[in-house]
1. Show me 248-258, 282-292 ranked by packing, highest mean number of other Cβ atoms within 10 Å first.
2. For the stretch 402-458, which trypsin sites (Lys or Arg not before Pro) are in a loop by DSSP, counting at most 15 other Cβ atoms within 10 Å?
3. For the stretch 159-256, what is the convex hull (Cα atoms) projected area averaged across all directions, in square nanometres?
4. Bins of 20 Å, beginning at zero and ending with the bin holding the largest distance: percent of Cα pairs per bin for the stretch 2-403, please.
5. Once the other residues with Cβ under 15 Å from the Cβ of LEU327 are scored (Lys, Arg +1; Asp, Glu -1), what is the net sum?
6. According to the square roots a ≥ b ≥ c of the eigenvalues of the Cα gyration tensor, what is the shape class of the stretch 285-331, taking rounded for a/c under 1.5, prolate for a/b larger than b/c otherwise, and oblate for the remainder?
7. Cα convex hull of the stretch 368-474: mean projected area in nm², to one decimal?
8. So for the stretch 14-163, what are the equivalent ellipsoid semi-axes in whole Å, largest first, each being the square root of 5 times an eigenvalue of the Cα gyration tensor?
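Derivation of every value follows stated rules applied to the coordinates shown; laboratory data play no part. Just so it is clear, the structure is predicted and the values come from calculations on it, not from any experiment. Because the Cβ atoms are built from the backbone with ideal geometry, glycine has one as well, and the counts that use them run over all protein chains shown.
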Amino acid sequence: MEKWFHLKENGTTVRTEIVAGLTTFMTMAYIIALNPNLLTGFGAEGMDLWNGVFLATCIASAIGMFCMAFLANKPFAMAPGMGLNTFFAVVVSNIVAMTGMSYLQSFQAALVIIFIEGLIFIILSALNIREKIVDAIPLGVRLGIGPAIGLMLMNIGFGSNAGVYSETGGPFYAMRDFFGALTASYARTTMGSGYSTMVLTVFTMMVGLFTIVALNHGKVKGAVLYGMLVASVVYWAAEFSFLGRNPFESLKAASFIPPFPDMAKTTLFRLNFAGFFEIGWFTLVTLVITFCIIDMFDTIGTLVGTASRAGMLDKDGNMPNMKEALLSDAIGTLVGSFTGTSTVTTFVESASGVEAGGRTGLTALTTGVMFLLCMFIAPIAAIIPPAATSAALIYVGVLMLSNLKDIDFTDISQLLPVSVMLIGMPISGSIGHGIGLALISYTIIAVTTGKAKNVSALTYILSAIFLIKFFVAA
């Protein structure tokens, strides 16, 4: 282990790294079932395709993380990106409408787009172009990425990770529909029978959050993981005792045999090049560019923001082995196209493992192994309550705000771009879009205050690309 991951040099141990990897896994395990749900209309397109995407999610994510572990020796985890998977599903539906192909044929045609994106990123990473793009982001903006991601994590934890459904509709969210309600009676009426579940969700979330705080204050190793486990036990016990539900009911009929035959029929090396060329060149080019822009800046933002929190950046705000980390991300995307899933990208939930002490590739390796095991134990991973993961995301999000102290708020060229990014990232739900807004703001301020010469040519190009993305290609 020491030979591969240089644990002593990074001030960590095998135990710490494994706990960090398990922590990251628990905060992002939701993607294993959610990704195939989103890409197949929650099974509406047939269980064969659902099973294929499910296995692709596990395999592509794991291979990407193994590359991150051994090429870059960084603790970052990967999986099909949220937002990008939803966009991919919309693209597939549009291909169905444009060409008249079946959903499966259109899905396989859209995988070619992901294949091309992966190839482009491998080339750009090998030529250090992606690394140059990272360097082109102004230091003030780079310092603000971490706190912006922190607010995004808090928004996921409070706002969208713990949705509740009932006979009156849904999803209902903790911040909007519980804390945001005018009165408890109004919330109860709005949520119907889901109100009890929401109360349990909020209670569990808070128990988990303050357990993590207390354990961390006591310098307990793996405080985030243990807090999530405590929250899970509390949720299961209350669900069984007060709501009359068996939290383990789904395990009775669960299958633990990976559905490889379904994957072979639907997604494994099923790139539909003939269908791809029926889409039209202008649409194809637009789609490839759009996927590339969103993925590139989501990945860059996650790497820089999380590395900043972990103290992995040098004095100039650069991360060692950035090239290898970006290459690992590109390989994950390429493998995703071969196995059958949308763009694989570095996950913001990696911050939870970093906070648990993860500093090397052993953390990523541990998370990757868990993803492979989920091909066999997915039903077990699925019973982790969202409220438990919300507690971890909120806690890590709060800690990432501490990096705001490094930003010079007396300098308007840092203050405005970072402020725009702080609000833009959680609202848009996209790290890339938040960075884009910050770059545009920075460039405009520089031009209008007589500092245009201080802006690099690549920053101007990136700002122009985002303007086109927002106002023309969107």
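1. Numbers: 248-258: 11.3, 282-292: 16.0.
Those peptides, ordered most packed to least, come out 282-292, 248-258.
2. On the way: sites: LYS405, LYS451, LYS453; in loops: LYS451.
Loop-located and lightly packed - LYS451.
3. Numbers: hull surface 32.3 nm².
Average of the hull's projected areas for the stretch 159-256 equals 8.1 nm².
4. All Cα pairs considered, the percentages come to 28, 58, 15, 0.
5. Values: positive: LYS74, ARG130, LYS132, LYS323; negative: GLU117, GLU131, ASP295, GLU324, ASP329.
Net local charge, LEU327 excluded: -1.
6. Numbers: a/c = 3.05, a/b = 2.19, b/c = 1.39.
The shape class here is prolate.
7. The orientation-averaged projected area of the Cα hull of the stretch 368-474 comes to 10.2 nm².
8. On the way: eigenvalues 166, 89, 61 Å².
Working through the eigenvalues yields semi-axes of 29, 21, 17 Å.
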